[in-house]
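Written below as structure tokens is the structure these notes are about.
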Amino acid sequence: MEKRMRRWLFFVMLALALTGCGNSRQENENTVERDAPMQIGLSFDSFVIERWTRDRDMFVSTAQGMGAQVNVQVANGDVQEQISQIEYFIKKKMDVIVVIAIDGNALTDVMKKAQEEGIKIISYDRLIDNANADLYISFDNEMVGTLMGERLAAECPEGGNIFTINGSPTDNNVTDVVKGFTEAIEGTGLRIVYTNYCDNWLAELAYDMVNEGLSQTDDIVGVMCGNDDLASQAIKALAENRLAGKVPVVAQDAELSACQRIVEGTQTMTVYKPVEELAKKAAEFAVKIGRGEDITAEIDGKTAFDGTYDVPCYYIEPIAVTAENMDDTIIEDGFHRAEDVYLNIH
């Protein structure tokens, strides 16, 4: 009888011990799950444009500082590759996916698929069509066009002919820039006698386009380019026709080479977009949205129409930069160093 009692007590204690281990293991698993860092997928169009590496570095460092992990993928201008990379993010069960779209229309379905899996999505700098993103964050791109138009109008004689060499037709920002530019030159008498679009923002196309325009007429007073990379090739074509420095050229992005051309006199103006400020804010929003925090107060009711939905949006104002305010903007902000900007000025 006593042996049976001892045996019974042994099994009871063993069962309790095993139950305790099970509970402890479950608690440990729950703790690991709770403590796991947020996962953010960041998909870039490409790094062809100088600014994107700045965006990447600031976004990643900010998100990591807030306890998140960032997986960066680069599609190198290939839409199908970008779709595949986003599908990879979905498979990896990212908490948030942030996308700089190559083609805003082509990504609609894959972004909706991400949402169906409970993943938050953010359109970074370029709005994705009909996707109902949780946030669109960018610069005020109409204002970018307005600043370029106003400067060109101020530099050019009234009634002159101009060329417009725009960016990629699949980039929604291009539409906004063109709108702002066109409205800015209304009533100035400036006439757009040649216009074209550079697929995938390929700068070499701008060189061919300016030459094509000049073959039709060399009676021009200004050129608007979609960004500084395009401007570099446009100015090359102008130089070969002995027009560089005589024909004002405006663009955007404040690339180092563009700032050098501005102080040297071959480019008139660039639009400075504080990309590090944008990237920092985007990372902060990504983490907050991933945590389920309410960002309504920061958005302040602003929305952008993506073709179907009014998407919450956050805009940062761009700044026009010329030789006159180069020191007070680009250099004072530490965007480029003075010795680099004025490298070729003796």
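One line per residue, one yes/no per condition, for (1) touching a Phe, Trp or Tyr at 6+ places or on another chain (Cβ under 7 Å); (2) modelled with pLDDT of 95 or more; (3) not assigned by TED's automatic domain parsing to the domain that holds residue 127:
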site: 269; (1), (2), (3): no, yes, yes
site: 284; (1), (2), (3): no, yes, no
site: 287; (1), (2), (3): no, yes, no
site: 295; (1), (2), (3): yes, no, no
site: 299; (1), (2), (3): yes, no, no
site: 303; (1), (2), (3): no, no, no
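Would you mind finding the one in 203, 184 that is buried (at least 21 other Cβ atoms within 10 Å of the Cβ), in contact (Cβ under 8 Å) with a residue 24 or more places away in the chain and under 29 Å from residue 78 (Cα atoms)? Step by step, each of 203, 184 is checked, and only 203 is buried (at least 21 other Cβ atoms within 10 Å of the Cβ), in contact (Cβ under 8 Å) with a residue 24 or more places away in the chain and under 29 Å from residue 78 (Cα atoms).
Being closer than 22 Å to residue 104 by Cβ and touching a residue at least 12 places away in the same chain (Cβ under 8 Å) is the requirement here; does residue 274 meet it?
no
For region 71-99, the candidate set comprises residues that are closer than 18 Å to residue 290 by Cα and among the β-branched types (Val, Ile, Thr); within that set, the residue that is nearest to the chain's Cα centre (by Cα) is 99. When region 58-83 is filtered for residues that are among the hydrophobic types (A, V, I, L, M, F, W, C) and either closer than 13 Å to residue 38 by Cα or assigned to a helix (DSSP H, G or I) (or both), the ones remaining, listed by number, are 58, 59, 60, 63, 66, 68, 70, 79, 83. Test residue 195 against the criterion of being within 19 Å of the chain's Cα centre (by Cα), part of a strand (DSSP E or B) and not small (Gly, Ala, Ser), and give yes or no. So residue 195 does not fit the description; no. Residue pairs whose Cβ atoms lie under 7 Å apart, sitting 6 or more positions apart in sequence or on different chains, and linking a residue in region 225-245 that is free of Cβ contacts under 8 Å to residues at least 24 places away in the same chain to a partner that is part of a helix (DSSP H, G or I), are 244/235; 244/238.
Of all residue pairs spaced 6 or more apart or on separate chains, those with beta-carbon atoms under 7 Å, a first member in region 101-121 that is free of Cβ contacts under 8 Å to residues at least 40 places away in the same chain and a second member that is in a helix (DSSP H, G or I) and charged (D, E, K, R) are 110/87.
Does residue 131 fit the bill of being out of contact with any strand residue (DSSP E or B) (no Cβ under 9 Å at 6 or more places or on another chain), of a type in the set (Gly, Ala, Ser) and touching a residue at least 24 places away in the same chain (Cβ under 8 Å)?
Values: out of contact with any strand residue (DSSP E or B) (no Cβ under 9 Å at 6 or more places or on another chain): no; of a type in the set (Gly, Ala, Ser): yes; touching a residue at least 24 places away in the same chain (Cβ under 8 Å): yes.
For residue 131, the condition - out of contact with any strand residue (DSSP E or B) (no Cβ under 9 Å at 6 or more places or on another chain), of a type in the set (Gly, Ala, Ser) and touching a residue at least 24 places away in the same chain (Cβ under 8 Å) - is not met.
If you go through region 231-275 and keep only what is more than 17 Å from residue 156 (Cβ to Cβ), surrounded by 24 or more Cβ atoms within 10 Å (Cβ to Cβ), in contact with a Leu (Cβ under 9 Å, 6 or more places away or on another chain) and not aliphatic (A, V, I, L, M), you end up with just 252. Can you find a residue that is on the phi > 0 side of the Ramachandran plot, part of a loop (DSSP other than H, G, I, E, B) and over 20 Å from the mean Cα position of the chain (by Cα) anywhere in region 128-143? No, because not a single residue in region 128-143 is on the phi > 0 side of the Ramachandran plot, part of a loop (DSSP other than H, G, I, E, B) and over 20 Å from the mean Cα position of the chain (by Cα).
Residue-wise test of (1) closer than 30 Å to residue 188 by Cα; (2) outside the structural domain of residue 309 (by TED's automatic domain parsing); (3) modelled with pLDDT of 95 or more; (4) hydroxyl-bearing (Ser, Thr, Tyr).
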{"residue": "102", "(1), (2), (3), (4)": "no, no, no, no"}
{"residue": "114", "(1), (2), (3), (4)": "no, no, yes, no"}
{"residue": "117", "(1), (2), (3), (4)": "no, no, yes, no"}
{"residue": "145", "(1), (2), (3), (4)": "yes, yes, yes, no"}
{"residue": "149", "(1), (2), (3), (4)": "yes, yes, yes, no"}
{"residue": "154", "(1), (2), (3), (4)": "yes, yes, yes, no"}
{"residue": "161", "(1), (2), (3), (4)": "yes, yes, yes, no"}
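The values are calculated or read from the model by the stated rules, or taken from the named source; none is laboratory data. Bear in mind that the values here come from a model prediction, so they are computed numbers and not experimental data. Methodologically, a virtual Cβ is constructed for each residue, glycine included, from the backbone with ideal geometry; neighbour enumeration extends over all protein chains shown.
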